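What follows is a short report on a single structure.
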Amino acid sequence: MTHSPSLSPETLPLETGGDTTKTSKSQPILVDSDVSGVKCNGGNPALGHPEVYYSFDNDFAVTCGYCGQVFMKKN
């Protein structure tokens, strides 16, 4: 199954102020450096995956275990 994530409410940073520019999975989704976590559902409620939440902890990037989407903090 191939699909591109949309960045409507289904795939947004948990903190406000994140960059929600549309992108494909081949490009990381950039979020503000002060964001502590993100959520992902594959970008398509009908064809995506269960909504999951990821915390950055001390990392600058996280990867969705279901769809492989990378979320990366801006410098």
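The values are calculated or read from the model by the stated rules, or taken from the named source; none is laboratory data. Everything numeric here is computed off the predicted structure, so don't read it as measured data. Positions of Cβ are backbone-derived with ideal geometry, glycine not excepted, and every protein chain shown enters the neighbour counts.
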Matching option when the condition is surrounded by fewer than 16 Cβ atoms within 10 Å (Cβ to Cβ) and modelled with pLDDT of 85 or more, among GLN69, GLN27: GLN27
Looking at the range 28-62 only, could you name the residues that are part of a strand (DSSP E or B) and either in contact (Cβ under 8 Å) with a residue 60 or more places away in the chain or in contact with a Pro (Cβ under 9 Å, 6 or more places away or on another chain) (or both)? ILE29, VAL31, GLY37, VAL38, LYS39, CYS40, ALA61
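Taking the conditions exactly as written (more than 13 Å from CYS64 (Cα to Cα) and either at pLDDT below 90 or of a type outside the set (Asp, Glu) (or both)), does THR2 satisfy them or not?
Values: more than 13 Å from CYS64 (Cα to Cα): yes; either at pLDDT below 90 or of a type outside the set (Asp, Glu) (or both): yes.
For THR2, the condition - more than 13 Å from CYS64 (Cα to Cα) and either at pLDDT below 90 or of a type outside the set (Asp, Glu) (or both) - is met.
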